[in-house]
Amino acid sequence: MEYHGFAGQILYIDLTNRDIRKEPLGENLIRDYIGGMGINTKLAFDLIEPGIDPLSPKNVICYGSGPFVGTTIPGCSRAGIITKSPLTGLLGESQTGVSIGPMLKYAGYDHLVISGRAEKPVYLAITDDDVEIRDAEGLWGKDVYETTDLIRAELGDYWVSCIGPAGEKLVRFANIVENKSGMIARVGLGAVMGSKNLKAIAVRGTKGITVSQRGKFRKMVKELREKVAASPVLDMWRNEGKVIDYYIGQYAKRGISVTKNFSEGIPEATDVYFTQKEYAKRIWKNYFACMSCPAGDKGIVSIQGGKYDGLTFKISNPWGTPLTFNQAGIRNWDDGVQCTYLSDIYGMDSFSSAIMIGFATELYKNGIISKEDTGGLELDWSADAAFKLMEKIARREDIGDILADGVKAASERIGKGAEEHAVHVKGLEPTMDLRSEHFTENFGQLVDPRGAHHARGYSITYVPRKGKSIKNYAPLIGIPEAAIDQICPESELDTNNWSKPRLLKWVNDYNSMSYSCGQCMRVQIGPQYTLDIYRDLFYATTGIEMSSEELQKAGERIWNLQRLFNVREGASRKDDMPPHKMLNEALVVGEKKYPPLNEKHINELLDDYYDERGWDKDTGNPTMETLKRLDLEEEGRSVLEKKS
């Protein structure tokens, strides 16, 4: 087979036996799962034995990037990993745009599959056809920045993916960090690398990538770049944090972004504590971009003045991540940036770290844990307490050894009612609250295969939309007319009462397809694409002709196979329910008070989602009829017949 858009190989490395082999990437695999996340899903489903300990040598890391990665298609540099998550015990998936994916493809590999466990710390050095397992004992104990710099000093200008102390200590929300600022985050994939004694992966490739229809490809890329450049939100997202008031500020006022372990609203967040004016003057230095991206919405921060004067580093979300630490009680840019820096060098998820500090502080304030438990540390919502607790978690010291397992496991170990304070879905802490309103991103946290994260719920609904807008949007992502009428009846064209769960089904499928190509979905990039553009671009890049319907079906197949992975591990409908706190406590946001979520209403919304998906409403499992339609009959029988 002649490959375009793809490098054409899967690289397999068994760390136990130090065995290295290469296999061709099959066209049927591409047609069924597209690439990147989709093919990672199939590899993980086939290679990871049900019921294994995620931190055992039997777990498998499946790294990959899609057919658009490594080309000049705007916003297409995302690569990522699927494995079994040590945080949730379910499917663990994460991606980053600042990835080593393009360089891995230039070296000749679309996917890298790592199994086993090395006897002592090692790192992988990949230089085109030359693949080495190198000693990393001198790197063990080093932070993310130190590790990256030391490898580059040894090898040269290599792209580096590595773990920090948190991954080595098997913190169950440890990150893998790529090129110092790309976070493969949220579900503890850094701990899986650490469990394998794998400190880093360093890649340098010189082979490049070809495209099939060069003239058509160039024309489409030029048009897409012009559309991105003309986006009315481009400057807002790129420069000086201009988006702060319009995005996170509005989320805070709407009760979506909340504080102190989801206990209260913070509508004044960007008016008082995290102002755009101060950010532009003292924090922001410049923007940078992922490879092939004309948007340049990532940032270099450099604090001017104060106790962290001169602290300078890159952040993927340079305003959103520091602000996330308001969950830990942080109330200024300086301490938020310092928290972000610590989570980056330790190699620890920022969302989970912030929420974990809030969770522990809430337990402390309620007398569930004491100074004796914390090693003498008073948890008082202060920045100093946050910094010290982050270090304890990263090094598994004192109470940090318990908190390092995530809020779900930590609450179960602590007991004494701690479970009621643990805010999570499937073991993963949410990024957004659900009590004030629902839209595809925050409601999507309930059904996302990896747990409470919003990314594959991205759509136009992050701002309130009337039914008319949904009617116009739906065909662009391939929703058929009959389904559009189900999502938004004529009676709801002028309201916001159309069905979020039914739209979410189609958004999940579309985004699964898009992410598998390697696409970013931020608002300057994602809206420039439609399903038909993907169809034409996929053909121009790969030379493989797939219809819009086939691409959408592949996205649906990926989502359903990820659901089957979780069903095989014991997940069911009950794991799609919101956290206890959101079901039992009201949320006060300024002068507004939102009641707890109504369990009956949430179940009705889940019923609508399952119905739209063709899943069984009682169990939440895909039906065999749906799986047959998606050519997943064999995979379905292997899981569902054992369950029955």
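The values are calculated or read from the model by the stated rules, or taken from the named source; none is laboratory data. This is a predicted model, so every value here is computed, not measured. Don't worry about glycine lacking a Cβ; one is built from the backbone with ideal geometry, like all the others, and counts go over all protein chains shown. Ligands, DNA and RNA are excluded from the accessible area calculation, which covers all protein heavy atoms including side chains. Shrake-Rupley method; radii C 1.70, N 1.55, O 1.52, S 1.80 Å.
Specify which of the listed residues (Gly51, Gly92, Gly80) is of a type outside the set (A, V, I, L, M, F, W, C) and surrounded by fewer than 24 Cβ atoms within 10 Å (Cβ to Cβ).
Details: Gly92 fails: surrounded by fewer than 24 Cβ atoms within 10 Å (Cβ to Cβ); Gly80 fails: surrounded by fewer than 24 Cβ atoms within 10 Å (Cβ to Cβ).
Matching residue, one of Gly51, Gly92, Gly80: Gly51.
Could you look through the range 141-177, keep only residues that are out of contact with any strand residue (DSSP E or B) (no Cβ under 6 Å at 6 or more places or on another chain) and of a type in the set (Phe, Trp, Tyr), and pick out the one that is nearest to Leu91 (Cα to Cα)?
Looking at the filtered set, the residue picked out is Phe173.
Since Tyr279 meets every condition but one in (1) over 30 Å from Glu226 (Cα atoms); (2) open to solvent by less than 10 Å² (accessible area, probe 1.4 Å), which condition does it not meet?
(1)
To keep it simple, each residue is scored yes or no on (1) in contact with a strand residue (DSSP E or B) (Cβ under 6 Å, 6 or more places away or on another chain); (2) at pLDDT below 95; (3) basic (Lys, Arg); (4) surrounded by 15 or more Cβ atoms within 10 Å (Cβ to Cβ).
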| residue | (1), (2), (3), (4) |
| --- | --- |
| Asn566 | yes, no, no, yes |
| Glu569 | no, no, no, yes |
| Asp575 | no, no, no, yes |
| Met582 | no, no, no, yes |
| Val589 | yes, no, no, yes |
| Pro595 | no, no, no, no |
| His601 | no, no, no, no |
| Glu604 | no, no, no, no |
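Which pairs do you get when a residue that is farther than 16 Å from Asn566 by Cα, found in the range 617-644, comes within reach of a residue that is in a loop (DSSP other than H, G, I, E, B) and small (Gly, Ala, Ser), reach meaning Cβ atoms under 6 angstrom, with the pair 6+ apart or on two chains?
Going by the 6 Å Cβ cut-off, the qualifying pairs are Thr626/Gly614.
Give me the residue from the range 298-321 that is among the hydrophobic types (A, V, I, L, M, F, W, C) and not in a strand (DSSP E or B) and, out of that set, most open to solvent (accessible area, probe 1.4 Å). Spell out how you get there, then give the answer.
Just the residues of the range 298-321 that are among the hydrophobic types (A, V, I, L, M, F, W, C), to begin with: 300-301, 303, 311, 313, 315, 319.
Subsequent filtering for residues that are not in a strand (DSSP E or B) retains 303, 311, 319.
Numbers: Ile303: 0, Leu311: 30, Trp319: 7 Å².
In this case the residue turns out to be Leu311.
The rows are residues; the columns are (1) outside any loop (DSSP other than H, G, I, E, B); (2) within 13 Å of Gly64 (Cα to Cα); (3) without any contact (Cβ under 8 Å) to a residue 60 or more places away in the chain.
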{"position": "Ser99", "(1), (2), (3)": "no, yes, no"}
{"position": "Val113", "(1), (2), (3)": "yes, yes, no"}
{"position": "Arg117", "(1), (2), (3)": "no, no, no"}
{"position": "Val131", "(1), (2), (3)": "yes, no, no"}
{"position": "Glu137", "(1), (2), (3)": "no, no, yes"}
{"position": "Gly141", "(1), (2), (3)": "no, no, yes"}
{"position": "Ile151", "(1), (2), (3)": "yes, no, yes"}
{"position": "Asp157", "(1), (2), (3)": "no, no, yes"}
{"position": "Ala166", "(1), (2), (3)": "yes, no, no"}
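Looking at the range 455-480, I want the residues that are at positive phi and open to solvent by less than 40 Å² (accessible area, probe 1.4 Å) and have a partner that is in a helix (DSSP H, G or I) and of a type in the set (A, V, I, L, M) with Cβ atoms under 7 Å, at least 6 apart or on another chain. Which pairs are those?
Gly478/Leu531
Picking from Ile73, Ile13, Ile39, which residue would you name as being more than 17 Å from Met103 (Cβ to Cβ) and open to solvent by less than 20 Å² (accessible area, probe 1.4 Å)?
Values: Ile73 fails: more than 17 Å from Met103 (Cβ to Cβ); Ile13 fails: more than 17 Å from Met103 (Cβ to Cβ).
Exactly one residue qualifies, and that residue is Ile39.
For residues in the range 400-430 being surrounded by fewer than 23 Cβ atoms within 10 Å (Cβ to Cβ) and not in a helix (DSSP H, G or I), which is farthest from the chain's Cα centre (by Cα)?
Lys416
Just give me the residues in the range 110-130 being closer than 23 Å to Arg78 by Cα and among the β-branched types (Val, Ile, Thr), in sequence order.
Val113, Ile114, Ile126, Thr127
For Val211, are the conditions met, namely being assigned to a strand (DSSP E or B), in contact with a helix residue (DSSP H, G or I) (Cβ under 9 Å, 6 or more places away or on another chain) and among the β-branched types (Val, Ile, Thr)? Don't jump to the end; show me each part of the working.
Numbers: assigned to a strand (DSSP E or B): no; in contact with a helix residue (DSSP H, G or I) (Cβ under 9 Å, 6 or more places away or on another chain): yes; among the β-branched types (Val, Ile, Thr): yes.
Answer is no for this residue.
Return the only residue of Val221, Val243 being among the hydrophobic types (A, V, I, L, M, F, W, C), in contact with a Pro (Cβ under 9 Å, 6 or more places away or on another chain) and closer than 23 Å to Ile525 by Cβ. Walk me through how you get there before you give the answer.
Working: Val243 fails: in contact with a Pro (Cβ under 9 Å, 6 or more places away or on another chain).
Criteria check complete, one pass: Val221.
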